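The structure under discussion appears below in the form of structure tokens.
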Amino acid sequence: MSQDLDPYIFTSNSLPNDPRFLPPLANGLLGWRVYNDIMHMGGVYNGEGGHCHRADVPCPLAVKVETEDPAQHSYTLDTHTGIFTHTLTSASVNISQSLYSHRFYPNIMVMEVLLARQVTSAEPVTVHLDSSFTPQSKDIVFECGPDYKGARHIQGQTTTAEFPGGSCPTVHLIWTPVPPTVTLLPKQPQARWGFILVVANSLDAAEAFYDEGLRLMATGDLRPSHEKAWKELWLQSQVEVTGSESLCKALIGCLFYLLSACPSIHDTSSSFGGISPGGLSNGGDGQDYWGHVFWDQDIWMYPGIALFYPKLARAVLEYRVGTADGARDNARKQGYMGLKFPWESAVSGREVCPDDVYGQQEIHINGDVTLAFQHYLYLTEDLSMFTEGRGSEVVFGVADYWISRVTWQPQDQTYHILGVMPPDEYYSNINNSVYTNAAAKLSLQFAVELAALLQHPAPKEWQEVAQRIKIPFDPESQYHPEFDGYIKGQPVKQADTVMLGYPLGLPMSAEVRRNDLEAYEPVTDPKGPAMTWGMFAIGWLELGEAEKSQHLLEKCFENIQGPFQVWSESSDGSGAVNFLTGMGGFLQAVLFGYTGFRVQKGCLAFSPLLPDDICELCVRGVNYLGSQMDWLLRKEEVCIIVREKGRCAQNTKSFKLEVVLKTSGVKIPLTPGQPVTFPREPGCVRKMESTSSCWPL
């Protein structure tokens, strides 16, 4: 397939005018924007409290290839392989510079330079390697170490810990020296140079990874092992549409950058540092939210990844488990029980938000975290995450926080949550944010459910508060006010109340769902963050309004900055760059909108609906209860193929999967390798369920 036709290959003859939109190359541990003289390492922050930010690490691969002869330039990001290539073609020589963050060995980054003659000549060809690298950082005090096997070595430590008494991480860099020029000798048809950079937290680890890099170079396996790891990832997921090239390319870009922010599926170190709104390539002091982890990870980025990759989903949950001690400290400082996850998180789980009002009031983060754990259990039935993995500690700790945070109001005989900031950050110190209260209700209900599953005694207050917490509702207008005192028509920053239907799944009639959408769509800030319109799109798809949904989803394209499909937070290009939050919302609009997927207890419900300009949607690699399956949605029919039959996480025997058609009650068994096709029947909600389950009857 040619590059011009392959939607996985992003190509341009020029670089973006704004260097912020150069493509990020990341692998879950190391993140870098090509040509930038700084990079970042997961878990390496500098600064205390609100001054905490990703520590700038100098990048020795900040090199541009230049030639004295006139040349045509081409810049390509191949998302099949995660490799960025700059190609220069002149009359005499073809020059190729390739850059990648190794997908299998996350401590390694690579630059390769290939010179190939166009014609035989006795003249040498010299190419300049223009480096902007300096071995210095404003966050890390580096000093030179002894060379290692011909490689340069610097080591340093961040200057300020995240909290008093905390540790300052150490960083070691070992890299192949980059000469100012490389030369193709007379009559030599071609030559290749390889440069590797290793970043690690200890000298022993850095030397071991550099040795591994040398071994891979010697055997010719350095690039193939990287490409194989990306191929393995793509074999487990695919989201493609027929009918809209721009939509197809956007979806591929979203999934590529989200996967780039995640660790290797082979990584068992449990040292993943979470996903920040701008990914690992951004987040230095004062930019892109300082590289902190928000609700963006759990609500916006996580669902699209969890649908395909249970290992990566678990890594996100393990990040939250690893910050539980900090969350407990946050709750104690606020005067409450249990766990209070920070609005902005780094390594410890203590609050690092620069503005205290968000850390104190935007407490819906607790419900967002619990929802991710619930989503994982329903998708996998993996109870080990909640026992040995300590996930129950998170779910129960959040429940304890809610019962200590609510206030009983005898006037209306309900529990209130006072003095909060909703997801709509235009308002603060308000009472009974409908999203916050609904998230609290659902997380308390899940805590009760999980306690029963684990045979753990649940405090009666969990159920009592869940049943009697106030969910603001206007019976006259039949809609949900955003909070107590909200006046219909007041401006809204972003998706908030409309998220009650999805992802929270709060029960409501179709009339109320429609009224909520119609109330908030016209007053939502058009310059608000990119993920908002995806939630409106999902809402309209629920109501069968495919074309209205598509119109709203198309607004997201204004946030995609060409030519490398890098998102900005706002449509004018401002805000966070490589905005993974927006990508996550956009991906969910397709994965949970067009398909109607809803991850529920005991089943995966679906209700497909495609807009007129989409002929078909292919979703490959959905992982439900350990079974991998492919879905093909066409205008008139749905086809499901189970590729690999899974096992119930709690039982050793295989289980059966079947599709249950709601309108007729017909049950269609799913057998691995045998496609099942049935009419789409607009408006018919179906579900896929297992006939044996770890859930108690």
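The values are calculated or read from the model by the stated rules, or taken from the named source; none is laboratory data. For clarity, every value in this text was computed on a predicted model and none was experimentally measured. In this analysis, Cβ positions are derived from the backbone assuming ideal geometry, glycine residues included, and neighbour counts consider all displayed protein chains. What goes into the accessible areas is simple: the full protein's heavy atoms, side chains included, and nothing from ligands, DNA or RNA. Shrake-Rupley method; radii C 1.70, N 1.55, O 1.52, S 1.80 Å.
For region 455-504 versus region 153-219, the inter-centroid distance based on Cα atoms is 51 Å.
Kirkwood hydrodynamic radius of region 455-604, from the reciprocal of the average inverse Cα-Cα distance over all distinct pairs: 16.8 Å. Quick one: Debye curve from the alpha-carbon atoms of the chain only, equal weights, vacuum; give me log10 I(q)/I(0) at q = 0.05, 0.06 Å⁻¹ to two decimals. Debye intensities relative to I(0), on a log10 scale: -0.24, -0.35. Distance between the modelled labels on Asp147 and Ala191, one decimal in nanometres: 1.9 nm (7 Å Cα→Cβ projection).
Quick one: Cα convex hull volume of region 145-196, Å³ per residue?
Details: hull volume 5.6 nm³, N = 52.
Output value, Cα hull per residue: 108 Å³.
Any idea of the accessible area per residue across region 131-282, 1.4 Å probe, to the nearest Å²?
Values: 6700 Å² over 152 residues.
In whole numbers, region 131-282 has 44 Å² accessible per residue.
Each residue of region 447-452 was assigned a 3J(HN,Hα) from its phi angle through the Karplus curve 6.51 cos²θ - 1.76 cosθ + 1.60 (θ = phi - 60°); the sequence is 4, 4, 4, 5, 4, 5 Hz, with glycine and proline shown as x. A straight Cα-to-Cα reach below 20 Å connects Lys687 with the lysines Lys601, Lys635, Lys645, Lys656, Lys662, Lys667, residues fewer than 8 places away in its own chain not being considered. Within region 41-155, the proportion of C-alpha pairs whose separation exceeds 22 Å stands at 51%. The length gained by stretching the chain between Thr134 and Arg468 to full extension, at 0.36 nm per residue less their Cα-Cα distance, is 114.2 nm.
Over the chain, what relative contact order in percent results from Cα pairs under 8 Å that are six or more residues apart? Display every interim value, and only then the final one.
Details: 1604 pairs, mean separation 80.0, N = 697.
11 percent.
Cα-Cα pairs above 24 Å in region 430-534: how many percent? The share of Cα pairs beyond 24 Å in region 430-534 comes to 30 percent.
Show which lysines lie in cross-link reach of Lys527 when reach means a straight Cα distance below 27 angstrom and same-chain residues fewer than eight apart are skipped. Within the straight-line cut-off, Lys527 pairs with Lys249, Lys488, Lys493, Lys548, Lys555. Over region 424-539, accessible surface divided per residue gives 38 Å², non-protein components excluded, 1.4 Å probe. In this rough spin-label picture, where each label sits 7 Å from Cα along the Cβ direction, the Lys662-Lys311 distance is 3.5 nm.
Would you mind estimating how fast region 215-260 diffuses translationally, via Stokes-Einstein at 4 °C and 1.567 mPa s with the Kirkwood radius over Cα pairs, in µm²/s?
Values: Rh = 12.3 Å.
The Stokes-Einstein estimate is 105 µm²/s.
Select from region 581-670 those trypsin sites (Lys or Arg not before Pro) which occupy a DSSP coil region and have at most 10 other Cβ atoms within 10 Å, ordered by residue number.
Working: sites: Arg598, Lys601, Arg620, Arg634, Lys635, Arg643, Lys645, Arg647, Lys653, Lys656, Lys662, Lys667; in loops: Lys601, Lys635, Lys645, Lys653, Lys656, Lys662.
Counting only loop positions with at most 10 other Cβ atoms within 10 Å, the trypsin sites (Lys or Arg not before Pro) in region 581-670 are Lys653.
Starting from the Cα-Cα distance between Leu418 and Leu5, subtract it from 0.36 nm times their residue separation and give me the gain in nm to one decimal.
Numbers: separation 413, 0.36 × 413 = 148.68 nm, distance 5.47 nm.
So the chain would gain 143.2 nm between Leu418 and Leu5.
For region 75-197, with all protein chains in place and a probe radius of 1.4 Å, 54% of the accessible heavy-atom surface sits on carbon or sulfur.
In vacuum, with every alpha carbon of region 549-658 counted as one equal point scatterer, what does the Debye formula give for log10 I(q)/I(0) at q = 0.15, 0.16, 0.23 Å⁻¹? Two decimals, please. So the normalised log intensities work out to -0.79, -0.86, -1.22. Close amide H pairs (under 5 Å, H built 1.01 Å from N) link Glu616 with Thr242, residues at least 5 positions away or on another chain.
Here, region 515-591 has an Rg and a Dmax of 12.2, 38 Å when only alpha carbons are counted. Placing pseudo-labels 7 Å out from each Cα toward the beta carbon at Arg332 and Ser477 gives an inter-label distance of 4.4 nm.
If you stretched the chain out fully between Ala122 and Thr183, how much longer would it get, using 0.36 nm times the residue separation minus the C-alpha to C-alpha distance?
Using 0.36 nm per residue and subtracting the Cα-Cα distance, I get 20.7 nm.
For GluC sites (Glu not before Pro), no site in region 112-177 is both called loop by DSSP and has at most 15 other Cβ atoms within 10 Å.
Over the chain, DSSP H runs of length four or greater, each weighted -39,500 (n - 2.57), average out per residue to a 222 nm ellipticity of -8000 deg cm²/dmol. For region 81-136 and region 549-568, compute the distance between their C-alpha centroids and round to whole Å. So the separation of the two Cα centres works out to 31 Å.
Mind listing which GluC sites (Glu not before Pro) in region 365-435 are in a DSSP loop and have 11 or fewer other Cβ atoms within 10 Å? Each step should come with its number before you reach the end.
On the way: sites: Glu381, Glu388, Glu393, Glu425; in loops: Glu381, Glu388, Glu425.
Sites meeting the loop and neighbour criteria: Glu388.
The translational diffusion coefficient of region 305-368, from Stokes-Einstein at 4 °C and 1.567 mPa s with a Kirkwood hydrodynamic radius over alpha carbon pairs, comes to 106 µm²/s.
Sorted by average packing, counted as other Cβ atoms within 10 angstrom per residue and highest first, what order do 671-677, 178-184, 118-124 take?
Details: 671-677: 12.4, 178-184: 14.9, 118-124: 10.0.
Output ranking for 671-677, 178-184, 118-124: 178-184, 671-677, 118-124.
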